[in-house]
Amino acid sequence: MGEWIETNADAIAARAPRELEALVAVSSPSGDVHGAEEAAAVAAALAPDEAEIERPPCSSADHAPDLLIRVRGTGTKRVLLLGHVDTVIAHEEHRPLRREDDRLVGSGTVDMKGGDVLALGVLRALGQRKEDFAEAVLLLVCDEEWRIGPFSHVDRFAGFDACLCFEGGQRADDGREQVIVTRKAAATVHVSAHGRSAHSGSAPHRGINALLGLAGAAQALAARHDPDGPERLTVVPTVIRSGDAFNVVPDSGELVADVRADTLEALRAVVAAVPEDIGGARLEATLMREWPGMDSRDATVGLLERASAAIGRPIVAARRGGASDASHFAPSIPLTVDGLGPLGGGAHAPHEFVLASGLRPRAEVALALVDAVLAD
């Protein structure tokens, strides 16, 4: 293993638990401006001393600005490190970091403040190799978990040599280190129903039941579920809301379904599965929160081979179904790799954790990928 990788992996692993504790101590659910500002302040304090700090506008309105940390060099390569500071955990459910044997348990540890800590460590390590790059940028956004509109940062980084995203890491069943080079496209189907209210006891026949319309729409959507098909399409109704009183025919409501497939085109076709009318209830279906798919398999073969050689053990390509901001950058930055964060589990759940013993090995993986980019 090269000296730069080994030395900095040690440094990252030594600092990571304390830095993770500081970042997890901040409750920062998506949309909370104060929490995002506090998390950004912690991240900025952990940045290299020579780094330039910028706060570009967030992609989502009414959010705190995102955080951009840049280190300039004298070389030619341009590398983007990517993460987010927002969580799905509400303030009242937030849990600060605690240690349970090898587990560092706390809200947002693996998704993805643990990855943010590793990315900050990699950025500090890059400060020792300024002759090898023109700029290294860490972008931490504060709306990844709940963004519904377009992602605003893609054009700014078009033409960068690599995008390395620090969502949670993983290993293969045989113990080999994995990184993510393939992700599904993801979106949300929203169905609104319009019926007619009536007394459910004395005159139910005068009403048009929006709830039944939504139930029919949910079944129509679920019928498109085809995870083993050519597009690996999954269609999962997740939320239904209708009615305000036990004795009134509901006249309106909404249905939400999570849809994922290899391409956005397959997701857009799902909307057509919703009829315009069920039982007299008028239905309107739209596709929201579109996230593109990602497929960097071919472009990253050589990169993974060089990174594997740098640490003396295999780093292999893998796929993941969940959405990530890396997918937005992949079309304009072919060397896009995700899953460089720490090992852990329980994302979005009370038992969310990072493995302390996995911090150094995953730091090695991330540093090896950076080394391979700069050495190419």
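The values are calculated or read from the model by the stated rules, or taken from the named source; none is laboratory data. Every value quoted in this text rests on a predicted model; they were computed, and no experiment measured them. Cβ sites come from the backbone with ideal geometry, for glycine too, and all protein chains shown count toward neighbours.
Computed quantities for the displayed model
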read-out	value
Total residues in region 148-163, condition under 24 Å from L287 (Cβ atoms) and part of a loop (DSSP other than H, G, I, E, B)	7
Of residues in region 31-56 being in contact with a Ser or Thr (Cβ under 7 Å, 6 or more places away or on another chain) and in contact (Cβ under 8 Å) with a residue 60 or more places away in the chain, the one farthest from E290 (Cα to Cα)	A39
Residues within region 286-339 that are β-branched (V, I, T), surrounded by fewer than 15 Cβ atoms within 10 Å (Cβ to Cβ) and in a strand (DSSP E or B), tallied	2
Selection count where residues are among the aromatic types (F, W, Y) and over 13 Å from the mean Cα position of the chain (by Cα), scope region 138-188	2
Matching residues, region 164-192, being under 17 Å from I315 (Cα atoms) and part of a strand (DSSP E or B)	L164, C165, Q170, R171, E177, Q178, V179, I180, V181, T182
Considering residues of region 219-240 that are more than 16 Å from V274 (Cα to Cα) and exposed (fewer than 14 other Cβ atoms within 10 Å of the Cβ) only, the residue nearest to the chain's Cα centre (by Cα)	P227
Long-range neighbours under 9 Å by Cβ, at least six apart or interchain, first residue free of Cβ contacts under 8 Å to residues at least 40 places away in the same chain within region 318-340, second acidic (D, E)	P334/D298
Output for region 233-264, where each listed residue is in a loop (DSSP other than H, G, I, E, B) and touching a strand residue (DSSP E or B) at 6+ places or on another chain (Cβ under 6 Å)	P250, D251, T263
Filtered residues of region 315-324 (kept if over 18 Å from A375 (Cβ atoms) and modelled with pLDDT of 95 or more)	V316, A317, A318
Selection count, region 266-281, where residues are assigned to a strand (DSSP E or B) and either crowded, with 16+ Cβ neighbours inside 10 Å or within 25 Å of the chain's Cα centre (by Cα) (or both)	2
